[in-house]
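Asker: There's a structure below that I have some questions on.
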Amino acid sequence: MTDTESSAPAGEVTITEHELAQCERANQTGRTPVVFVHGLWLLPSSWDRWAALFEDNGFTALTPGWPDDPETVEEAKEHPEVFAGKSIGEVADHFQTIIGGLEKKPAVVGHSFGGLLTQILAGRGLAAVSVAIDPAPFRGVLPLPISALKSGSPVLRNPANRNRAVPLTYEQFRYAFANAVSEAEAKDLYEQFAVPAPGKPLFQAASANLNPWTEAKVDTHNPERGPLLIISGEKDHTVPWAIANASFQQQQANNGVTEITEMEGRGHALTIDSGWREVADTALAFVQRFV
């Protein structure tokens, strides 16, 4: 794809009552907000334990959804069509609108495509500090490891999936997310967290280096980007070290603090599996250094 991609203007993005309430609460507390951004095949509830940890350490946590996200996994499975057609730009604008309602510039923490969105938001100067965990690639990130292609194949193998919502089978989830945990835990994670996801962001990321107008791009030079940490899971199939490190190399063009760390033995489910606390503590420590 090489045609211009367009996203909805920020002012036209619909913010839910729950998201408005989270903004109002953050402003009332006067504490530094931290905005959590989930990726594909997950919901905001995947951040619940992280939100509690950051709240316990003096932050006010916000867990917005992507536009039209259902509240529960059960609802998502009953109405998968609500995910269809969401683009990277549309979701980034949605989060920009939410951040625009905050009186303090927030920390932003994102996973997978949420990690890409985190970098987009930071590149727009909207983050005081940001953490991108196993972030999806953006324009300029060139490596395409076989495992990443296999992880994306449930969507990318059929061009019609661009405008569809696509669920993962357990076997696909096991490979893409839960390869570094036991079979029993993988099944539990699949039942507890996995939901359908829009196909469009994957097609956008896959074609980013061929499309000068792609929405899958990051302003890595903005001096207002703020400090950035990239966290990579050593055994991640979906975003292997080669992709995470290439993102880090692109981000080093920025004069701000840019760091990368690898979590030993961890896969793409590192934010939701039984070892989540180690990853969360790493992100928390980085955020605490700068706010």
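Asker: For the range 264-291, which positions are open to solvent by less than 10 Å² (accessible area, probe 1.4 Å) and in contact with a strand residue (DSSP E or B) (Cβ under 8 Å, 6 or more places away or on another chain)?
Answerer: The answer is G267, H268, L270, T271, V279, A283, F286, V287.
Asker: Which fully enclosed helices (runs of 4 or more DSSP H) of the range 107-184 have 1 or more residues being under 18 Å from the mean Cα position of the chain (by Cα), in contact (Cβ under 8 Å) with a residue 12 or more places away in the chain and closer than 23 Å to G89 by Cβ?
Answerer: Those helices (runs of 4 or more DSSP H) span 113-123, 146-156.
Asker: Need the failing condition index for L117 against (1) of a type in the set (A, V, I, L, M, F, W, C); (2) touching a strand residue (DSSP E or B) at 6+ places or on another chain (Cβ under 6 Å); (3) open to solvent by 10 Å² or more (accessible area, probe 1.4 Å), just the number.
Answerer: The failed condition is (3).
Asker: Now for a separate question. Out of the residues in the range 200-251 meeting the condition of being touching a residue at least 24 places away in the same chain (Cβ under 8 Å) and among the aromatic types (F, W, Y), tell me which one is surrounded by the most Cβ atoms within 10 Å (Cβ to Cβ).
Answerer: The extreme case among them is F203.
Asker: Which number in (1) farther than 16 Å from A197 by Cβ; (2) open to solvent by less than 20 Å² (accessible area, probe 1.4 Å); (3) in contact with a Pro (Cβ under 9 Å, 6 or more places away or on another chain) marks the one condition that G89 misses?
Answerer: (3)
Asker: Output the residues belonging to the range 40-84 that are open to solvent by 40 Å² or more (accessible area, probe 1.4 Å), part of a loop (DSSP other than H, G, I, E, B) and polar (S, T, N, Q).
Answerer: N57, T72, listed by residue number.
Asker: Working only within the range 102-114, note down all residues that are in contact with a helix residue (DSSP H, G or I) (Cβ under 6 Å, 6 or more places away or on another chain) and surrounded by fewer than 17 Cβ atoms within 10 Å (Cβ to Cβ).
Answerer: Hit for the range 102-114 is E103, nothing else.
Asker: May I ask you to list the residues in the range 47-79 that are of a type in the set (G, A, S) and touching a Phe, Trp or Tyr at 6+ places or on another chain (Cβ under 9 Å)?
Answerer: A51, A61, A76
Asker: Kindly indicate whether any position in the range 177-191 is aromatic (F, W, Y) and either touching a strand residue (DSSP E or B) at 6+ places or on another chain (Cβ under 7 Å) or open to solvent by less than 20 Å² (accessible area, probe 1.4 Å) (or both).
Answerer: Checked against the condition, which is being aromatic (F, W, Y) and either touching a strand residue (DSSP E or B) at 6+ places or on another chain (Cβ under 7 Å) or open to solvent by less than 20 Å² (accessible area, probe 1.4 Å) (or both), the range 177-191 yields at least one hit.
The values are calculated or read from the model by the stated rules, or taken from the named source; none is laboratory data. Being a predicted model, the structure only gives us computed values, none of them experimental. Note: ideal-geometry Cβ built from the backbone for every residue, glycine included; neighbour counts use all protein chains shown. Side chains are part of the model used for accessible areas, which takes the heavy atoms of the whole protein and leaves out ligands, DNA and RNA. Shrake-Rupley method; radii C 1.70, N 1.55, O 1.52, S 1.80 Å.
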